[in-house]
Amino acid sequence: MAEGDLTVLANAKQWLNVSTTNDDALLTRLVSAASQFVQTYLNRTIASAAYVENRTGSGSDTLALANYPCTAVSSLIIATVPVSPSPDGLQAGYVFDDRFIYLIGNAYAASAFPGTAPNRFPKWPPQGVQISYTAGFATTPLDIEQAVLELIALKYSDRQHMGQVSKSIQGEVVSFFMGDMPKGVQTILNNYKKVIPV
């Protein structure tokens, strides 16, 4: 399994009902290609990864994270001032959920940012908020994996009729799908499509 793959060869073969090893190299390539296509479409990485993000503050006590779901925050620095995590979600510091990081109480010395409340992400200096965190899924969500399997199946079968829109078989006309992805796959993926944080 290559880095970034959203399913494994065995699952692809099971979905395609392929029991031989004749097409293993082709299917391995299709697993990686379909996984990359999905993540490009979603504009995000699905697997858990570490990120360091430099952002301009929102002016509020809430800042959206660019990658999600967030599972851990290792540090928050606002214009070189480290901010500690809140020990209980009530005392001063920061807390986070899967999409946002929040400031609570007097999270940093007010003197560091004149004119800014100490529980706000300051808009000045630009790109002055640095967040180091981990986000993503430990395992590929089943519906995303199923979408990848259906794309693999589509491309695997396309080999038999590349570029053909339809053909006649024993007097019956058979039409072939010519789009980027089936509507059902697109519907699943749209649930995970990355929204640019504000």
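The values are calculated or read from the model by the stated rules, or taken from the named source; none is laboratory data. Since this is a predicted model, take the numbers as computed values, not measurements. All Cβ positions, glycine included, derive from the backbone under ideal geometry; neighbour counts span all protein chains shown.
Picking from residues in region 48-61 that are loosely packed, with under 14 Cβ neighbours inside 10 Å and not in a loop (DSSP other than H, G, I, E, B), the one that is farthest from the chain's Cα centre (by Cα) is Asn54. Taking region 23-44 as the range and being more than 25 Å from Lys183 (Cβ to Cβ) and surrounded by 15 or more Cβ atoms within 10 Å (Cβ to Cβ) as the test, the residues that pass are Asp23, Thr28. Within region 147-197, the set of residues being modelled with pLDDT of 90 or more, polar (S, T, N, Q) and under 21 Å from Leu16 (Cα atoms) comprises just one member, Gln186.
Out of curiosity, is Ala34 at pLDDT 95 or above, in contact with a helix residue (DSSP H, G or I) (Cβ under 9 Å, 6 or more places away or on another chain) and more than 30 Å from Ala92 (Cα to Cα)? Please lay out each step first, then the result.
On the way: at pLDDT 95 or above: yes; in contact with a helix residue (DSSP H, G or I) (Cβ under 9 Å, 6 or more places away or on another chain): yes; more than 30 Å from Ala92 (Cα to Cα): yes.
In short, yes.
Yes or no: region 81-97 includes at least one residue that is closer than 30 Å to Val185 by Cα and out of contact with any His (no Cβ under 7 Å at 6 or more places or on another chain). Yes: region 81-97 contains one or more residues that are closer than 30 Å to Val185 by Cα and out of contact with any His (no Cβ under 7 Å at 6 or more places or on another chain).
Would you say Val18 is more than 20 Å from Tyr192 (Cα to Cα), touching a residue at least 40 places away in the same chain (Cβ under 8 Å) and of a type in the set (A, V, I, L, M)? Step through it out loud before you land on a result.
Values: more than 20 Å from Tyr192 (Cα to Cα): yes; touching a residue at least 40 places away in the same chain (Cβ under 8 Å): no; of a type in the set (A, V, I, L, M): yes.
No, not satisfied.
Residues in region 119-152 that are under 30 Å from Ser35 (Cβ atoms) and assigned to a loop (DSSP other than H, G, I, E, B): Gly136, Ala138, Thr139, Thr140, Pro141.
Among the residues in region 38-45, are any among the hydroxyl-bearing types (Ser, Thr, Tyr), within 27 Å of Met1 (Cβ to Cβ), free of Cβ contacts under 8 Å to residues at least 40 places away in the same chain and not in a loop (DSSP other than H, G, I, E, B)? I'd like the intermediate steps shown before the answer.
Within region 38-45, the first condition is being among the hydroxyl-bearing types (Ser, Thr, Tyr), and the residues that meet it are 40-41, 45.
Going one step further and asking which of them are within 27 Å of Met1 (Cβ to Cβ), we end up with 40-41, 45.
Add one more test, that the residue is free of Cβ contacts under 8 Å to residues at least 40 places away in the same chain, and what stays is 40.
Restricting the remaining residues to those that are not in a loop (DSSP other than H, G, I, E, B) gives 40.
Looking for residues that are among the hydroxyl-bearing types (Ser, Thr, Tyr), within 27 Å of Met1 (Cβ to Cβ), free of Cβ contacts under 8 Å to residues at least 40 places away in the same chain and not in a loop (DSSP other than H, G, I, E, B), one finds at least one in region 38-45, hence yes.
Does any residue of region 111-127 turn out to be modelled with pLDDT under 95, under 30 Å from Glu3 (Cβ atoms) and either in contact with a Lys or Arg (Cβ under 9 Å, 6 or more places away or on another chain) or not hydrophobic (A, V, I, L, M, F, W, C) (or both)? Scanning region 111-127 turns up at least one residue that is modelled with pLDDT under 95, under 30 Å from Glu3 (Cβ atoms) and either in contact with a Lys or Arg (Cβ under 9 Å, 6 or more places away or on another chain) or not hydrophobic (A, V, I, L, M, F, W, C) (or both). When Leu26 is tested against (1) part of a helix (DSSP H, G or I); (2) within 17 Å of the chain's Cα centre (by Cα), just one condition goes unmet, and that condition is (2).
Anything in region 73-86 that is surrounded by 10 or more Cβ atoms within 10 Å (Cβ to Cβ) and part of a loop (DSSP other than H, G, I, E, B)? List them, or say none.
Just the residues of region 73-86 that are surrounded by 10 or more Cβ atoms within 10 Å (Cβ to Cβ), to begin with: 73-79, 81-86.
Of everything in region 73-86, those that are surrounded by 10 or more Cβ atoms within 10 Å (Cβ to Cβ) and part of a loop (DSSP other than H, G, I, E, B) turn out to be Ala79, Ser84, Ser86.
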